[in-house]
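> Here it is, the structure, as structure tokens.
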Amino acid sequence: MSFFRSIVVAGLAVGSLFACAAPSEDDADDPTTEAAEDELVATFDRTGRIDLAKTTRVLLIGNSDHLGELPLFSATTKARRYTQLYPNDQIVLFVTKDAKRDVARTGSTLVTNEPFGSGVRLADLQTLSATKLVKALDRFPRIASLEFFGHSSPFGALLEVDTEDRVLSASVPGNAAILADNFARDTNPFVTLNGCNGGAGVAQELSALWKVPVSAALTGSNFQELMSDGRWYFNDDGYSPAGTTKARANTASFGPGLTPTCSAGACVRMKPQDSPYRGVWSREDTGFQYGLGFYKFFCNFEGDAACTRGMAESLYGFPSTRPIDRRSSDADVKEVLADFFCNGNGDASWFDECKRNLFAAASSNAPFSPMRWANDYSHECSFTGCDQKLRCDYAGGAPQKKSCVWVSKSCRADQRAQDCRPKNTKKQTTTTELRRYLQGHAMLRGN
């Protein structure tokens, strides 16, 4: 999935919503200028200002062509959780121009001054390149979390602009490494890539580069919406039980007395599909062959404790069937973990069965995967990599679309992909991940 088109910036600071900035002082007083149309900055505290010194949570929303408001609303649903969890933190969103009309629905207000200082102007972000994005992010010295929402590929987040500098990964742009010094290590920082196939290599590489836990999908991602039965389902026909309708307000994720309306961007989240990926990068005859139905964390650096705490911190912000934080009981955290690993379905019994089997396997070490389709071909992964490798055809040094497929690591170049698809008889990845989340929660709770 490709990532951004014309990027504009929206920043949300805890407490309320912010707004748009002009590219120069000459234009700042004229809301009808082209810049005012193209660059967008919003705050959640109505101040209209970004404080670069504050601890900051960055949400990057990708190109919304053909996706409507869904990427934006996935980010703002999570932003609302962060306002509860971290009332002293600043939340900053980079938003695409084509999502501008929907930003106001979330409560955003315009920022009219340049927030980034010399060298990074809001006008620079009108056609955002990866290099410019990193320069802008480098102005925040205390990043607590960095999260992508939108189109991505196995090879990086694609910034959809009219330049060659359009891929964001560990190797490009060349300045990506500078952000390693920008993460606030006392906040248990983490990165999430909410898109397609970022776990094929990008997540592991960024984790090694920035020394933070990074989660990503090992299949395609889709959007889920909160429904009238209080559960989340993919927003495609047939994926919710008969008789359920879209919720009008979120009465589940934020706790008593906090019921933001869904039309204001409070009822959408992203999750990986529970089947192997078939799409623009996969071979048409085989698809990707393997998949994993949840965002998998990779911690490609020394320091198990930092990995474990960062994972738990990320779970607290996951929009779910109830809000949790570091004070929550294990029972409540397990309810959210069941929602994190298992997907609801048109068959109302599927989720409950997945939940029972998940915790039974965690207790007995029995093989388990939440994949509904191709369950025997679930990825088997550690926190540094997986037992499968991605094989693609290359031309001119570039991977070719419709050519990629997962194969076993031992697969030779002369072997057919179909002959390198052993079943996964271990299936320990999901329960290992679950135990790590629970361990992290115990660490943050203080016991």
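> Most exposed first by the Cβ proxy, i.e. fewest other Cβ within 10 Å, how do SER410, SER129 rank?
On the way: SER410 10, SER129 22.
Arranged by neighbour count, lowest to highest, SER410, SER129 become SER410, SER129.
> Also, quick follow-up: In square nanometres, what is one fourth of the surface area of the convex hull spanned by the alpha carbons of segment 218-362? Write out the running numbers ahead of the final one.
Numbers: hull surface 43.9 nm².
Orientation-averaged projected area of the Cα hull: 11.0 nm².
> OK, next. In nm, give the distance between the simple-model label positions of THR425 and ALA366, each being 7 Å from the Cα along the Cα-to-Cβ direction.
Calculated label separation equals 1.8 nm.
> If you count, for each residue, the other Cβ atoms within 10 Å and average over each peptide, how do 307-316, 69-78 line up from highest to lowest? Could you put the intermediate results ahead of the total?
Numbers: 307-316: 23.7, 69-78: 27.3.
The packing order, highest mean first, is 69-78, 307-316.
> Take every Cα pair under 8 Å in segment 340-435 that's 6+ residues apart, average their separations, divide by the length, and report that relative contact order as a whole percent. Write down the numbers at each step before the final one.
Numbers: 109 pairs, mean separation 30.0, N = 96.
Averaging sequence separation for qualifying contacts and normalising by length gives 31 percent for segment 340-435.
> Going by how many other Cβ atoms sit within 10 Å of their own, how do HIS66, HIS379 line up, fewest first?
Details: HIS66 7, HIS379 24.
Ranking HIS66, HIS379 by Cβ neighbours within 10 Å, fewest first, gives HIS66, HIS379.
> Now for a different question. Based on a Kirkwood Rh over C-alpha pairs, give the Stokes-Einstein translational diffusion coefficient of segment 337-447 at 10 °C and viscosity 1.306 mPa s in µm²/s. Working shown, then result.
On the way: Rh = 16.3 Å.
For these conditions, the coefficient is 97 µm²/s.
> Using 7 Å Cα-to-Cβ label points, what is the ASN235/SER329 separation (nm, one decimal)?
Going by the 7 Å Cα→Cβ label model, 3.4 nm.
> Something else now. Taking R0 as 60 Å, what's the FRET efficiency between GLN418 and ASN113 from their Cβ-Cβ distance, rounded to 0.05?
So the FRET efficiency works out to roughly 0.55.
> What is the sum of charges, Lys and Arg at +1 and Asp and Glu at -1, for the other residues whose Cβ falls under 9 Å from the Cβ of ARG269? Provide the component values of the computation, followed by the final result.
Numbers: positive: LYS78, LYS271; negative: GLU225.
Overall, the nearby charge balance is +1.
> Going 7 Å from the Cα of ARG248 in the Cα-to-Cβ direction, what parts of segment 213-240 have a backbone nitrogen less than 19 Å from that spot?
Counting only backbone N, you get 225-231.
> Now, a different point. What is the sum of charges around ALA417, taking Lys and Arg as +1, Asp and Glu as -1, for the other residues whose C-beta is under 9 Å from the C-beta of ALA417? Could you put the intermediate results ahead of the total?
Values: positive: ARG283, ARG391, ARG416, ARG421; negative: ASP285, ASP419.
Here the count lands on +2.
> Cut-off is 10 Å between beta-carbons; in what order do LEU52, LEU67, LEU158, LEU218 appear when sorted fewest neighbours first?
Working: LEU52 14, LEU67 20, LEU158 23, LEU218 30.
Final ranking by Cβ density, sparse to dense: LEU52, LEU67, LEU158, LEU218.
> Under a Cβ-Cβ cut-off of 13 Å, what is the net charge of the residues other than THR55 that fall near it, where Lys and Arg count +1 and Asp and Glu count -1?
Values: positive: LYS54, ARG57, ARG142, ARG185; negative: ASP51, ASP89, ASP186, GLU313.
In short, 0.
Values in this text are rule-based calculations from the coordinates and carry no lab data. Please read all numbers here as calculations on a predicted model, not as lab measurements. So basically every Cβ, Gly included, is an ideal-geometry build from the backbone, and we count neighbours across all protein chains shown.
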